[in-house]
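*Asks:* First, the structure itself, so that you have it in front of you.
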Amino acid sequence: MNSKNEVLGSNYDYSFKVLLIGDSGVGKSSFLLSFISNSSHDLSPTIGVDFKIKLINRGGKRLKLTIWDTAGQERFRTLTSSYYRGAHGIILVYDVTRRESFTNLSKTWTKELDRYCTNPDCIKMLVANKVDRESEREVTKEEGMALAKEHDCLFIECSAKTRANVKQCFQELTAKNGGTQSAGERIYAHKEPIYKAKTI
Ligand SMILES: Nc1nc2c(ncn2[C@@H]2O[C@H](COP(=O)(O)OP(=O)(O)OP(=O)(O)O)[C@@H](O)[C@H]2O)c(=O)[nH]1
Ligand SMILES: [Mg+2]
């Protein structure tokens, strides 16, 4: 049985709901595609909300990740707000080559998160995407780390295009007992994630 069928057959121990948020065009869908299918190609803006499932191994347990990919466009904001509920992990994405996508995190996205996220133990991860475009960078790594610290987020710099640090991002997010230092900057020592045990 392949992993897809295992998921469909509910062959997992825990489930973990992840939400991707951030401005339109920062690369949320590309990031997810890069994690799920090992590929990257140009995508159209997301309409509403999409989701993907991936089964990973964590400490000998099978963890089912359900990753919700929201549209960054403002016209979908009312719809996407309902998807924060019950999230175990939230990934806030910005584009290092577009400062506005970074300032909008403070202006909009962290406020949305505080308003709609119902899980006080939710793990937050700040993702600086498109680091492959280093010559066009507008936001430094230090600025990203400072914002992550301010909002109690983990922090990682990634590229959905080259797939650099994409897998590590999800490993960090779902790491139990503090996880590994690895490529991510562990800014803040989070409590152990509260996984939702499978109910039969
Ligand atoms: N160079 C580079 N381009 C990227 C990267 N990630 C995404 N892109 C490009 O950025 C554009 C927008 O990517 P999307 O993944 O559609 O962005 P999104 O955040 O899902 O946008 P919405 O669905 O509108 O919210 C596409 O042309 C991608 O190919 C990256 O890491 N590096
Ligand atoms: Mg998208």
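Values in this text are rule-based calculations from the coordinates and carry no lab data. Everything numeric in this text was worked out from a predicted model, so none of it was measured. In this analysis, Cβ positions are derived from the backbone assuming ideal geometry, glycine residues included, and neighbour counts consider all displayed protein chains.
*Asks:* Give me Met145, Met125 ranked fewest to most by other Cβ atoms within 10 Å of their Cβ, as a rough exposure proxy.
*Replies:* Values: Met145 17, Met125 22.
Ordered from fewest to most neighbouring Cβ atoms within 10 Å, Met145, Met125 come out as Met145, Met125.
*Asks:* Over 25 Å between Cα atoms: which of Lys107/Lys161; Lys52/Lys161; Lys52/Lys107 fall into that group?
*Replies:* Values: Lys107/Lys161 27 Å; Lys52/Lys161 18 Å; Lys52/Lys107 28 Å.
The answer is Lys107/Lys161; Lys52/Lys107.
*Asks:* On a C-alpha basis, how far is the centre of region 105-176 from the centre of region 43-88 in Å? Whole number, if you could?
*Replies:* Here the answer is 15 Å between Cα centres.
*Asks:* Most exposed first by the Cβ proxy, i.e. fewest other Cβ within 10 Å, how do Ser24, Ser30, Ser37 rank? Can you show the working numbers first?
*Replies:* Numbers: Ser24 14, Ser30 23, Ser37 11.
Least crowded to most crowded, the residues run Ser37, Ser24, Ser30.
*Asks:* Ok, one more. With viscosity set to 1.002 mPa s at 20 °C, what whole-number translational diffusion coefficient in µm²/s follows for region 1-155 from Stokes-Einstein and a Kirkwood radius over Cα pairs? If you can, show how the numbers build up before the last one.
*Replies:* Details: Rh = 16.2 Å.
This corresponds to a translational diffusion coefficient of 132 µm²/s.
*Asks:* I would also like to ask the following. Name the aspartates and glutamates eligible as straight-distance cross-link partners of Lys149: C-alpha to C-alpha under 19 Å, and not fewer than 8 places from it in the same chain.
*Replies:* Those aspartates and glutamates meeting the cut-off are Asp95, Glu112, Asp114, Asp121, Glu157, Glu172, Glu185, Glu192.
*Asks:* Separate question: Compute the distance in nm between two label points, each set 7 Å from the Cα along the Cα-to-Cβ direction, one at Arg115 and one at Gln73.
*Replies:* Between Arg115 and Gln73, the label points sit 2.0 nm apart.
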